[in-house]
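The values are calculated or read from the model by the stated rules, or taken from the named source; none is laboratory data. These numbers come from a predicted model, not from an experiment. For neighbour counting, all protein chains shown are included, and Cβ atoms are generated from backbone atoms with ideal geometry for every residue, glycine included.
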Amino acid sequence: MSDELTGALRELATRHETPPLLAAAEVRDRARRRSRRRRATLALGTAVTAACAVTAVTLALHTDHPAGKRHTPGAAPATTPTPARTPTASASARAPRPSGRLDLDLRTLTLAGRALPVDLRAAGRFPPGTRLTVVARSTGAVLPLKTRTEAREVKVPHLVELRAPGGEHVYAGALSFDAKVLRSLSGTTGWVGLTAKDAEWLHDRLRDGDQIELTATR
């Protein structure tokens, strides 16, 4: 081949040669980035594989029941029955709070924060701590009262009838209008004397089933 032909072919090749799309430095940068990505992907895959292995080992260790017996799928776990609680004696014997208090020393009946002076000369002989329960109320009852010399009937407006635990009756009402009858009442008569106004207030305030507790301050 002549020198002229060789030179023409080289000139033709040079003219139609395609220049590289990227510079050499950029090609090397891309190669390094692909290498880093491959290393990160490999490390992530290794971590995931290790986590799966740990989970499998944990599940295998906890397959058995804590007591050493294998639990059958679908069966209810065995439990130790808890004994039923029984109410204590103190809770069952706890009494409800009284509605009012009758102080035997101060001679006052306290109800709803109001202290009413009372006459207890014929209130019967009940020790402190006794509870009197309201069993009936009347706006104008005829009450048979026993005096020292006789038994007589006395009309009492706004009368409240109470009963002691032993069944004895105690009455609360107004006898102040008849001082003679009040002075002559027997000491065993269960009577709590009030003024007419206080007797009306007490009658309207109390309800059947309410309790009045006897107390002593001295």
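The rows are residues; the columns are (1) of a type in the set (V, I, T); (2) not in a strand (DSSP E or B).
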residue: P96; (1), (2): no, yes
residue: R125; (1), (2): no, yes
residue: T133; (1), (2): yes, no
residue: T139; (1), (2): yes, no
residue: L143; (1), (2): no, no
residue: E153; (1), (2): no, no
residue: H158; (1), (2): no, no
residue: L162; (1), (2): no, no
residue: P165; (1), (2): no, yes
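When you check T195 against the structure, is it over 26 Å from A95 (Cα atoms) and out of contact with any strand residue (DSSP E or B) (no Cβ under 9 Å at 6 or more places or on another chain), yes or no? For T195, the condition - over 26 Å from A95 (Cα atoms) and out of contact with any strand residue (DSSP E or B) (no Cβ under 9 Å at 6 or more places or on another chain) - is not met.
Which residues, counting only those in region 142-184, are more than 49 Å from the chain's Cα centre (by Cα), under 14 Å from L194 (Cβ atoms) and modelled with pLDDT of 75 or more? Passing the criteria: none in range.
Yes/no matrix, rows are residues, columns are (1) modelled with pLDDT of 90 or more; (2) surrounded by 17 or more Cβ atoms within 10 Å (Cβ to Cβ):
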{"site": "P96", "(1), (2)": "no, no"}
{"site": "T108", "(1), (2)": "yes, yes"}
{"site": "A123", "(1), (2)": "no, yes"}
{"site": "F126", "(1), (2)": "no, yes"}
